[in-house]
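Below you'll find the structure, written out as structure tokens, and then a few comments.
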Amino acid sequence: MADNRFYCPFCPVAVAIVMFVVAACSPDEPFIDSFNDSWRIVAGTGRTAEAYVIPGGGTSAPALWNGNDDSSVVRVVQFRDNLYVVSQNPAAIVILEAATQIAIDTIDVSRIGAPWDIAFPNATSAYVSFPGSDSVGVLDLTTSQLVRSIFVLGGPRGIRALGNQIVTACASSDEIAVLDSRTLSVESRFPTSPCPWFVDVDPRNTQFLVLCRGAGRIDTRDRTVPALQFFDPVTRTITATLDATARASEGTLQEPTSMAVTDADFVYVTVQNGVLRASTRTRQRLAGVNFDGYIYVTFNAARSELVALQADSRTIDVYDGLFESRRSSTSLPSALRTFTTTGPRQ
């Protein structure tokens with residue numbers, strides 16, 4: 001049987017044109033971007049601990065912890081999945097869940113005194129410095145209890161752990177005390193430059209860094225230049241001492257306020273005349289890399305970024321890992337004294 005169906009050679013072209021016109025007249029498909037580049041800092045404002053969104057500055061979780069006066073919160077430190085807020089009034093260590101910034105426990109340490117800093121040699125214990133009582137307290141993190149007090153003398157301030165070795169800066173005796181988490185005692189003491197104050201660790205090169213404020217800051221001695229010292233816990237020696245100033249003529253005027261060690265083998269120190277940088281491998285000299293007057297700096301290892309607080313105490317600037325390119329600037333509603341970086345609120 002003959003096929004009598006009519007075939008039009010122009011029909012496919014016509015259909016294509018109609019489809020093109022309809023598509024062109026259709027509303028645009030919405031662009032959905034599921035990538036969220038925001039993260040958080042948990043900061044001590046003095047009386048309170050609060051969480052802020054970076055960049056942006058919105059309050060993620062106000063008043064995570066309320067102290068009794070404007071000198072309450074002196075330190076916020078993250079260890080593993082938790083944040084530890086060091087409060088002086090009341091004297092307590094407040095434990096927050098890092099992911100949610102929700103308080104999950106509080107450890108009363110008032111029987112020793114007002115805490116200043118905290119270190120973690122392992123997953124089950126923490127060491128807390130108490131300058132007013134010349135002591136270091138030991139916390140059992142499995143029971144959230146203060147279980148021991150170790151008398152160290154010298155007004156211990158900064159404290160950090162590298163394996164089972166714990167080093168604390170004894171500011172009033174110009175030395176560091178080395179404690180061992182296995183013996184729960186002071187194993188040795190080593191003289192430093194005047195007024196050691198901050199301690200950090202460089203796990204890549206297995207060393208402690210001790211930032212000394214210099215003489216004349218907490219006593220009546222003639223002022224000396226602040227110094228950054230490197231301590232090797234294996235050989236028990238100070239391997240290098242660097243002047244903490246970008247200009248020798250201004251050395252005695254400097255007041256170091258913070259330091260941060262990065263995973264790129266650099267340490268950064270904030271002083272009046274800028275941010276200083278030195279290699280933690282060569283340990284040759286501290287040189288100025290920024291002169292914007294930052295008063296606090298920390299390293300966000302999760303993003304390989306440096307986070308710095310301007311002199312107004314309210315502006316947070318984020319830089320690349322070499323402190324060369326500023327990536328964002330955020331103004332906050334409250335003045336900060338200290339902070340640490342953490343992930344987004346879930």
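A few comments on the model shown:
- Trypsin sites (Lys or Arg not before Pro), loop per DSSP, at most 14 other Cβ atoms within 10 Å - longest free stretch of the chain: 6-79
- Taking label points 7 Å from Cα along the Cα-to-Cβ direction, Asn68 and Arg314 give a separation of 3.0 nm.
- Dividing the helix sum by the residues of the chain, where each DSSP H run of 4 or more adds -39500 (n - 2.57), gives a mean residue ellipticity at 222 nm of -1500 deg cm²/dmol.
- The Rg/Rh ratio for the stretch 194-346 is 0.97, where Rg is the radius of gyration of the alpha carbons and Rh is the Kirkwood radius.
- The C-alpha atoms of the chain define a longest principal axis, and helix 11-25 lies at about 40 degrees to it.
- Cα-based shape type of the stretch 150-216, given that a ≥ b ≥ c are square roots of the gyration tensor eigenvalues and the cut on a/c is 1.5: oblate
- For the chain, the extents of the C-alpha atoms along the principal axes are 112, 49, 40 Å, listed from largest to smallest.
- Counted by neighbouring Cβ atoms within 10 Å, the residues Ile295, Ile159, Ile104 run from fewest to most as Ile104, Ile295, Ile159.
- FRET E, pair Ser334, Ser249, Förster distance 25 Å, beta-carbon r, rounded to 0.05: 0.10
- Selection of chymotrypsin sites (Phe, Trp or Tyr not before Pro), the stretch 267-313, meeting DSSP coil and at most 12 other Cβ within 10 Å: Phe291
- For the stretch 232-321, the Rg and Dmax computed from alpha carbons only, in angstrom: 13.5, 42
- A simple spin-label model places the labels of Asn273 and Leu153 3.6 nm from each other, with each point 7 Å out along Cα-to-Cβ.
None of the figures in this text is laboratory data; all of them are computed from the coordinates on show. All values derive from a computational prediction rather than experimental measurement. Please note: Cβ atoms are built from the backbone with ideal geometry, for glycine as well, and neighbour counts cover all protein chains shown.
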